[in-house]
Amino acid sequence: MIKDGKIASHTWILTDDSAARLKTALAEAMAAEPQAQPEATAPAETPASEVVVTISGGACSYDGSLTLQPGEVQVTVDVKDQDRTAYAVTFLTLEPGKDFMDLMAATLGGPPSWSRLLHYEEVGPGESKSYAITITEGPVYAVCWSKPPDLPIGNVGPFTVSPVAEAASPTETPKSDIVVTFAGGICKYEGPATLPAGELTVTINAQDRDKEAFAAAWFNLAPGKGLSDLIKAQNSPSPPPWADMLALQEAPPGGSKTYSLTLEKGPLYLLCWSGSPDQSRGVGSKRPLEVSP
């Protein structure tokens, strides 16, 4: 549509034949995709959990790892340019047999049927925006845009998706007298019903990952007080006068913490917390533990 001697709006119609010819033209004008090295000689690359794409000079750039870890990936789009109304980076996966040339030849309209759009979010001129995308499989292709008009200004990738190699379990784990395990939203005590007085080794094993932190606290209580009183008083800014807190330690989600606990007398009460500091939930052991001289 022409208005006042200028193109006011436009519509693209891309046939299979014109897409094939456009792909050929793009292949001649653009550098070929880097070929993957043979697996035996490819250097080990740590999968990235963060991608920072910079848009500057009418193009986009990225200098990080081309291997992503599956799951949540933090994306930052840093726009230096200010000559367009909006900018964006789209993340897509393609069907087998398709590549960047097919994608660039077909990005004149909406995402093609043989692609799956993972994320699209606009960023203003001269702005920087961060957001999270979820990656499950690769390769992942990223195309940078500016508008108006909607125009691809570059690409990033393709990214392969590889899980982070899990650290090997230590062959020798210090033996603990007490293990407190957080799993399935439950705090479980593993140890004898009667503990010896003196110094003991305690391990907090936080198998859960859905809370900010996991903590275990140990108490001696005044006669007449019990676990129910302790749970009712858990939101107090400090332990009540009838409760003597011997230790309070926490472990991160999916992590563990080992420390020493010195006991002089019983009964001993355990109170577990999970959650953020201002939204914690207390759970205690079912019964107090005895301490032998």
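According to the Kirkwood relation over distinct C-alpha pairs, the hydrodynamic radius of segment 178-292 is 14.2 Å.
Using r as the Cβ-Cβ distance of residue 264 and residue 233, and R0 as 25 Å, what FRET efficiency do you calculate, to the nearest 0.05? It would help to have the intermediate numbers written out before the result.
On the way: r = 22 Å, r/R0 = 0.90.
Efficiency at R0 = 25 Å is approximately 0.65.
Inter-part distance, segment 114-141 to segment 177-243, computed on C-alpha centroids, equals 43 Å. Dipole magnitude for segment 178-292: about 260 debye, using +1 per Lys or Arg Cβ and -1 per Asp or Glu Cβ, origin at the Cα centre.
Coordinate-derived values only; no laboratory data. The shown structure was predicted, so the numbers you read here are calculated from the model rather than taken from an experiment. So basically every Cβ, Gly included, is an ideal-geometry build from the backbone, and we count neighbours across all protein chains shown.
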